[in-house]
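First comes the structure, then the notes that go with it.
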Amino acid sequence: MKKTLLFITLTLFILSCGVRQTRESLTSGDYDAAIETAVENLKNRKDAKGKQDYIYLLEEAFAKVKERDLQNINMWFKDASPSNTEKIYNAYLQLNSRQELIKPLLPLKLLKEGRNAIFPFEDYSDQIVSSKNALAKHLYDNSKGLLATKDKMNFRRAYDDLVYLNSLNPNYKDVASLIDQAKQKGTDYVSVYTKNETNMVIPVRLENDLLDFSTYGLNDKWTVYQSNKVKGIVYDYGLIVNFRQINISPEQIKEKEIIKEKQVKDGTKPLLNAQGQQVKDDKGNVVMVDNMKTIRATIYESRQFKSAQVTAKVDYIDFKSNQLIDTYPLASEFVFENIYSKYNGDRNACDADYMSYFDKRAVPFPSNEQMVYDCGEDLKLKLKDILGRNKFRR
């Protein structure tokens, strides 16, 4: 019994909350939210007494939003501005979609009044078609006008409008070719190249890797980076990776000698007292203790070391004005290090950290070119970060 009462109480609470939410949406003028909430609550047990408030609210919200939309459409028609065509088209779509949302619920009975709720539906198909055609014409004419300008932002707006037009009315006139034209005109093309102001040769592999922008994933809807110029394309910007300095340290081998000592157990021996006599336990047995001895080893550690630092700057150039837009520092360091060791004495005296070095030997130092190239992966990551955070067109 208690569970049943709890369930009924909880159900009534949920219903009252939903009705209150629907009424608040209605009084605030958010009619579509009121309609959606009412419809959702009427999908199950629509004839229940507890659902009557939803039916009244749905009837009222539908009437008010229909009146509002038709008034707006009438005003937009009187204004006669081409920019209103999309508003008119969307309004007719919304008028129709509301009807389709409510239709599956009909009839909805108002029990106290002994009647069905009234929803004066209309056939908006002609209006939808005519407003869609008017919108298509407006989008087409407006896009043609934008494409006749010399403004890239206009070309991008034209592109978005033409793509929208193509979704509304596929194969409308020459929209497909106009979309390609708008995309081409609206895209910023960036020519990427390197300069070498150092007194060293930059490895060709490093230049190729840095300029392989297909691996950066930076091309977006309106920006294309190209390291090889394409005939017929007018480049808007330049991106120059300017190598300023390359420092390579001498090949170094540093050696040091380390003496290690450790106390280890070497069997057992009798425990002696201060007088040098053997100590016995309560049973008369000699007490035995660990016999500790000192072991030693001399470690001869060798450390091969060589480093390379590459400093550069990334210049953003506006080709139209031939002006420097911005400059960003770029630097990387690569360190070659090899540690190997040998020992004399007892290996067990050595710390565990040294054990891996005993199996190593000296290796050839990498060439200067390889050292510079090995800086490349870090340079590439930093260059990608610079480009990701600093767009050409803000």
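The values are calculated or read from the model by the stated rules, or taken from the named source; none is laboratory data. Here the structure is a predicted model, which means the values were calculated and not measured. All Cβ positions, glycine included, derive from the backbone under ideal geometry; neighbour counts span all protein chains shown. To get the accessible areas, we keep the full protein, side chains included, count just its heavy atoms, and leave off ligands, DNA and RNA. Shrake-Rupley method; radii C 1.70, N 1.55, O 1.52, S 1.80 Å.
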TODO: Positive end of the charge dipole of segment 339-394 (Lys, Arg +1 and Asp, Glu -1 on Cβ, about the Cα centre): tell me which of Ala349, Ser367, Leu381 has its Cα farthest that way.
DONE: Leu381
- [ ] Note the full-extension length gain between Thr298 and Lys150 as 0.36 nm times their separation in residues minus their Cα-Cα distance, in nm to one decimal.
- [x] 45.4 nm
Task: For Tyr159, net neighbour charge (Lys/Arg +1, Asp/Glu -1) across residues whose Cβ lies under 10 Å away - done: +2
TODO: Report, in degrees rounded to the nearest 10, the 0 to 90 angle that the Cα long axis of helix 152-168 makes with the longest principal axis of the chain.
DONE: 60
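Using a Förster distance of 30 angstrom, determine the FRET efficiency expected from the C-beta separation of Gln370 and Lys195, and round it to 0.05.
Numbers: r = 22 Å, r/R0 = 0.74.
Step by step, r from the Cβ atoms, then E = 0.85.
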Task: Farthest toward positive dipole pole in the chain [+1 Lys/Arg, -1 Asp/Glu at C-beta], among Tyr124, Pro250, Tyr159 - done: Tyr124
Task: Among Ala297, Asn322, Phe336 the positive-end extreme of the charge dipole of segment 266-394 (Cβ point charges) - done: Asn322
Task: Low-density loop cleavage sites - chymotrypsin sites (Phe, Trp or Tyr not before Pro) in segment 286-369, where at most 15 other Cβ are within 10 Å (DSSP) - done: Phe319
Open item on the list: If the only charges are +1 at each Lys and Arg Cβ and -1 at each Asp and Glu Cβ, what is the size of the charge dipole of the chain around the Cα centre, to the nearest 20 debye?
Closed with: 740
Task: Where labels lie 7 Å past Cα in the beta-carbon direction, separation of Glu67 and Ile118 in nm - done: 1.2
Open item on the list: Could you work out how much longer the chain between Asp212 and Ala80 gets when fully extended? Use 0.36 nm per residue separation minus the Cα distance between them, nm to one decimal.
Closed with: 42.2 nm
Open item on the list: If you count only protein heavy atoms with a 1.4 Å probe, what accessible area per residue comes out for segment 54-171, rounded to a whole Å²?
Closed with: 55
- [ ] Report the FRET efficiency, 1/(1 + (r/R0)^6), for Glu60 and Val129, where r is their Cβ-Cβ distance and R0 is 45 Å, rounded to 0.05.
- [x] 0.90
Task: Computed accessible area, Ser177, all protein chains, 1.4 angstrom probe, square angstrom - done: 70
Task: Nitroxide proxy distance, nm - points 7 Å out along Cα→Cβ at Thr311 and Lys280 - done: 8.3
TODO: Treat each spin label as a single point 7 Å out from the Cα along the C-beta direction, and report the Gln323 to Glu24 distance in nm.
DONE: 5.3
Task: Accessible area (Å², 1.4 Å probe, nearest 10) - Met292 - done: 90
TODO: Could you compute the FRET efficiency for Leu381 and Arg347, with r as their C-beta to C-beta distance and R0 at 51 Å, rounded to 0.05?
DONE: 0.75
Task: segment 93-247, accessible surface, carbon-and-sulfur percent (1.4 angstrom probe) - done: 51
TODO: Mind sorting out which of (1) 1.04; (2) 1.00; (3) 1.32 is the real Rg/Rh (Cα atoms, Kirkwood Rh) computed from the coordinates?
DONE: (3)
Task: Too-long pairs where the Cα-Cα distance tops 32 Å, listed order kept, from Lys137/Lys185; Lys46/Lys66; Lys231/Lys313; Lys64/Lys183; Lys260/Lys280; Lys87/Lys109 - done: Lys64/Lys183; Lys260/Lys280; Lys87/Lys109
